[in-house]
1. Looking at (1) surrounded by 14 or more Cβ atoms within 10 Å (Cβ to Cβ); (2) not assigned by TED's automatic domain parsing to the domain that holds Ser153, can you tell me which one Ala101 breaks?
2. Write out, first by first residue and then by second, each pair whose Cβ atoms fall under 6 Å of each other, whose residues are 6+ apart or on separate chains, and whose first residue, in the stretch 17-29, is free of Cβ contacts under 8 Å to residues at least 24 places away in the same chain while the second is in a loop (DSSP other than H, G, I, E, B) and not hydrophobic (A, V, I, L, M, F, W, C).
3. Restricting to the stretch 61-84, count the residues that are surrounded by fewer than 16 Cβ atoms within 10 Å (Cβ to Cβ), among the small types (Gly, Ala, Ser) and at pLDDT below 95.
4. What number of residues within the stretch 110-153 are within 17 Å of Glu91 (Cα to Cα), charged (D, E, K, R) and loosely packed, with under 11 Cβ neighbours inside 10 Å?
5. Among the numbered criteria (1) under 20 Å from Val109 (Cα atoms); (2) surrounded by 15 or more Cβ atoms within 10 Å (Cβ to Cβ); (3) not aliphatic (A, V, I, L, M), which single criterion is violated by Tyr27?
6. Considering only the stretch 19-41, state which residues are out of contact with any helix residue (DSSP H, G or I) (no Cβ under 9 Å at 6 or more places or on another chain) and not in a helix (DSSP H, G or I).
7. Does Val102 count as touching a Lys or Arg at 6+ places or on another chain (Cβ under 6 Å) and closer than 22 Å to Ala42 by Cβ?
8. Looking only at the stretch 84-121, filter to residues that are touching a Ser or Thr at 6+ places or on another chain (Cβ under 6 Å) and touching a residue at least 24 places away in the same chain (Cβ under 8 Å); which one of those is nearest to Arg32 (Cα to Cα)?
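The values are calculated or read from the model by the stated rules, or taken from the named source; none is laboratory data. All values derive from a computational prediction rather than experimental measurement. Glycine also receives a Cβ, built like all others from the backbone with ideal geometry; neighbour counts cover every protein chain displayed.
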Amino acid sequence: MSGATASMGERVHRDVAVRLSRSDQRYTRQRRAIVDALGAIARPATIGELLDAVPGLPPSTAYRNLTVLASAHVVRRVSGADEYGRFELSEELSGEHHHHAVCDVCGLVVDVTASPVLEHALADTARAIALDNGFDVAEHRLELVGRCASCRS
């Protein structure tokens, strides 16, 4: 692991520990393993993918820990086009604002990054829609729904 990657990982783990302590929760070995797995998978992961990435982690423990991590704003749940929820590190921890492309056949969800020009237009559009409807926008998300390369062939 490079020095930059190691320091980013250490920063993420420090931030997670702080977020959990604010919720009166500990940063356990299992929670750290889940955070590491989500960072390594680098896209929204299903519970099955997390269990594969963290051998020996019981499903009930994974679900319980994901609930705690989501409550502490460490992870967020991402919906796909299927019945499976997916989880990813929060944008504040990953350091990257992004959107998602969702395959409506297999349910794959991948991260996509908009150009700065498009991102600015999305933010302006979100603010205008919110203003028209009496909302205050905290963030915006865009999901592109279609077919991944595997399902198209």
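1. The one condition Ala101 does not meet is (2).
2. Ala17/Tyr27
3. Qualifying residue count for the region: 1.
4. Result for the stretch 110-153: 1.
5. Just one mismatch for Tyr27, condition (1).
6. Going through the stretch 19-41, the residues out of contact with any helix residue (DSSP H, G or I) (no Cβ under 9 Å at 6 or more places or on another chain) turn out to be 21-22, 24, 29.
Hit for the stretch 19-41 is Asp24, nothing else.
7. So Val102 does not fit the description; no.
8. Arg86
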